Amino acid sequence: MIQIQPLSSDNVVPMDLLLLADPSKEQILSYLQSGTCYAAFHEQDMIGVYVLSSRSQHTVEIMNVAVKESWQGKGIGKQLIHHAIAEAKTAGAHTIEIGTGNSSMHQLALYQKCGFRLTSIEHDFFLKHYDELIYENGIQCMDMVRLSLVLQAD
Ligand code: COA
């Protein structure tokens, strides 16, 4: 049984978890300023996080979703995404978006299983915004794949 709740400003930023999803501390600190960080707890142990940020008047974006390595593959990631969808609906958002790399096969599967559809590709995003080269599943991560889920008609 896990509990998911927003972190308050006096909580320490769970940088170790956030870095699992995004290698850039600089990028994380920048979107933490505008977004709300939610954390999943198992008893006192923080085992997962996501950041929900407003992208435009009716659109919110999940900026970072990460599950502690020892807890991965147990359905926590799916619970975090469904929690984010419910929070976005409560906030009255019309669309929720999420982006991932072209090489993130597991994440692309997970987001589509949660109902997201592919919407666009931003070519060379990771080459332009990240200093280090990123490889996953033997594929270089170069392009940002954006997915979205319509929550209510505009
Ligand atoms: N192909 C198809 N489905 C796959 C898959 C694959 N290669 N790998 C995983 N899945 C599916 C699982 O089967 C599960 O679906 P099911 O419930 O229908 O069986 C679904 O993905 C969700 O799995 P879950 O256990 O909830 O995922 P998780 O708790 O491990 O969390 C991440 C997923 C991505 C958040 C987690 O692996 C993580 O923290 N990774 C590092 C950080 C990261 O990359 N974040 C995303 C940045 S875009």
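Being without any contact (Cβ under 8 Å) to a residue 60 or more places away in the chain, within 14 Å of the ligand (Cβ to nearest atom) and surrounded by fewer than 18 Cβ atoms within 10 Å (Cβ to Cβ) is a property that does not hold for Met63.
Does Leu32 satisfy the condition of being without any contact (Cβ under 8 Å) to a residue 24 or more places away in the chain and of a type in the set (A, V, I, L, M, F, W, C)? Judged against the criteria, Leu32 is a match. Got at least one residue in the stretch 68-84 being charged (D, E, K, R), part of a helix (DSSP H, G or I) and without any contact (Cβ under 8 Å) to a residue 12 or more places away in the chain? No - not one qualifying residue is present in the stretch 68-84. Every listed requirement among (1) more than 13 Å from the ligand (Cβ to nearest atom); (2) surrounded by 15 or more Cβ atoms within 10 Å (Cβ to Cβ); (3) modelled with pLDDT of 95 or more; (4) within 24 Å of Cys141 (Cβ to Cβ) is met by Met15 save one, (2). Can you tell me which residues in the stretch 128-147 are on the phi < 0 side of the Ramachandran plot and exposed (fewer than 14 other Cβ atoms within 10 Å of the Cβ)? Correct list: Lys128, His129, Asp131, Glu132, Leu133, Tyr135, Ile139.
Set side by side, the residues Lys74, Lys68 differ, and just one is within 22 Å of Asn11 (Cα to Cα), among the charged types (D, E, K, R) and within 11 Å of the ligand (Cβ to nearest atom), which is Lys68. Checking every residue in the stretch 119-130 against the condition of being touching a Lys or Arg at 6+ places or on another chain (Cβ under 8 Å), modelled with pLDDT of 95 or more and farther than 17 Å from Thr59 by Cβ gives at least one match.
Residue check: Ile85 meets all listed conditions (1) over 13 Å from Leu147 (Cβ atoms); (2) away from the ligand (no atom under 12 Å from the Cβ); (3) under 15 Å from the mean Cα position of the chain (by Cα); (4) hydrophobic (A, V, I, L, M, F, W, C) but one, namely (1).
The rows are residues; the columns are (1) touching a Cys at 6+ places or on another chain (Cβ under 8 Å); (2) loosely packed, with under 14 Cβ neighbours inside 10 Å.
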residue	(1), (2)
Leu20	no, no
Ser34	no, yes
Cys37	no, no
Gln44	no, yes
Val49	yes, no
Gln57	no, yes
Ala88	no, no
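The values are calculated or read from the model by the stated rules, or taken from the named source; none is laboratory data. No experiment lies behind these values; they were computed from the predicted model shown. Cβ atoms come from the backbone with ideal geometry, glycine included; neighbour counts cover every protein chain shown.
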